[in-house]
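Worksheet: one structure, shown below.
The values are calculated or read from the model by the stated rules, or taken from the named source; none is laboratory data. Remember, predicted model here, so these are calculated numbers, not experimental data. Glycine also receives a Cβ, built like all others from the backbone with ideal geometry; neighbour counts cover every protein chain displayed. The accessibility values were calculated without ligands, DNA or RNA, using every heavy atom of the protein model including side chains. Shrake-Rupley method; radii C 1.70, N 1.55, O 1.52, S 1.80 Å.
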Amino acid sequence: MVDVGFLITVCTSFVVGGLLAAVALVTVLYKMKPRSTSASPNQSSPSTLSSSPDAMFDGRSKDEIMALLLMELQESHLGGTIGSGGGDDGDDNETRRKRMKKAELKDLYLRLVLSQGENHFVCDLSHEHILPNLVGYDPSSTELDGLHLFQPIKKNTHCVFAKNARVWCAHDDFSIHAMSPSPLHKLHAEGWHKTMAAFSLFSSCCHDIDGFLFHLPPSTTIEQHGDNVNKLLRAMSEWDSSLSRNCMDEMDVDKAGWSYRFCGKKFFITSFSPCYPQNSSRFQFGVDDASFVLFQPISSFLLHGLGNDTPKSATNWNHPTSSRDKTRQSFWKHNRPYFLPELPILMPLVHHIVSPLSLKDKALVWWKKDTPTQSSVSSLEEMEQRRLPKIKNG
């Protein structure tokens, strides 16, 4: 049996831990973002500035808001969730209905204005304000060029999770030209640094973000696409100080069990390019201005209820019930099947990053240092067929 009391205690610990982190961030932003009281009348402000330390929001001081927040937390521990309106019958329910809802409380709390002498400091904890302060831009903004260009793919692909996925993106000034000495290196260096700062944050702590998108120049051939992806992954790995060597240079890159790592986190990587034909699972639905590399943390699959991969023969093609089977069936129904191994545990993930143009084409060797992308001697299906007898006889 599950100990309900234990689960409540654990959940409360997570919430309180989040509040402590928010308080720490308030302290940082308190020092980072001054706003002078001599601002022009036309300058917009998220609140009414006051010379009192207790700036007011909708008639409540910041101390009152904090008190209400703590009260909600305490009552959620006693039986109920923050702002849920649940609890005992009678007067307790009536009391709960009169309290601030979680959304209102959060909105007021995130817009607190702190005062110090003649200056005022805006402490806005919403992501659109925090992220630019931390990494120099908002990687979640749908106005970013990469996310805007990727939208037709996100909307039309047959993955059941794609449409609602939360994705961050590289800076608009990001370019692979910044990865090596070139006349354009300095022009794009700032975009590269901001992007890597955002990707480091994404890799380290943003578990509720489903993916991070990089946009690359459009490729007219699969070989050119493979070279660009190789260049990106190698440059990023050089940036990662947690690695003793570039993970693209490891001996087992083309073996089962290897995965791309950054900041200690493992990633499932998918790439797209205009060179992929209409019957490919990497088809771009008319997007010809860029290629893309999408990083998905392995942990995000678990958060969406997807466990270990299943064999091709276990797929329920006619009446799929699982999200994985629904995705496989949808790609197959739209004549865009992708390679499904019978023994997924033996499938090298490196071949998924840059997929062949079709299931019949030879697998690509794209990851070697200072070596152009070239075709291997076998297709992915032929590679697996050579492994199967060894397993059966072993």
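A few comments on the model shown:
- Extreme residue, positive dipole direction of the range 305-373, given options His351, His334, Gly305 (C-beta unit charges): His334
- If you look at the Cα atoms of the range 316-394, you get an Rg and a Dmax of 14.7, 47 Å.
- Relative intensity, log₁₀ I(q)/I(0), of the range 203-317 from a Debye sum that treats every alpha carbon as a point, q = 0.10, 0.24 Å⁻¹: -0.36, -1.36
- Each 5 Å bin from zero holds the following percent of Cα-Cα pairs in the range 156-268: 2, 10, 17, 21, 22, 17, 8, 2, 0.
- Sequence of Tyr338, Tyr260 when ordered by accessible area, the most exposed leading, probe 1.4 angstrom: Tyr338, Tyr260
- Pair Ser375, Ser204: separation of 7 Å Cα→Cβ label points (nm): 4.5
- Highest to lowest packing among 217-228, 320-331, scored as the average C-beta count within 10 Å: 217-228, 320-331
- Near the amide H of Cys275, within less than 5 Å, lie the amide hydrogens of Ser219, all on another chain or at least 5 residues away, with H placed in the peptide plane.
- Per residue, the Cα convex hull of the range 269-367 amounts to 121 Å³.
- Close amide H pairs (under 5 Å, H built 1.01 Å from N) link Lys266 with Ile298, residues at least 5 positions away or on another chain.
- Ranked by the mean number of other Cβ atoms within 10 Å per residue, highest first, peptides 339-351, 264-276 order as 264-276, 339-351.
- Taking θ as phi - 60° and the Karplus parameters 6.51, -1.76 and 1.60, the scalar couplings of the range 212-228 work out to 10, 10, 10, 10, 10, x, x, 10, 8, 10, 5, 5, 5, 5, x, 5, 5 Hz in sequence order, x denoting glycine and proline.
- Nearest-20 debye value, the range 261-368 charge dipole, Cβ charges on Lys, Arg, Asp, Glu: 180
- Peptides ranked, highest mean first, by Cβ atoms within 10 Å: ranges 162-172, 241-251: 162-172, 241-251
- Annotation: for a label point projected 7 angstrom from Cα along Cα→Cβ of Ser323, residues of the range 139-173 with backbone N closer than 12 Å are 159-166.
- When the P(r) is computed for the range 306-353, the part past 15 Å accounts for 46% of the Cα-Cα pairs.
- Spin-label model, Ala165/Leu306: points 7 Å from Cα along the beta carbon direction are separated by 0.8 nm.
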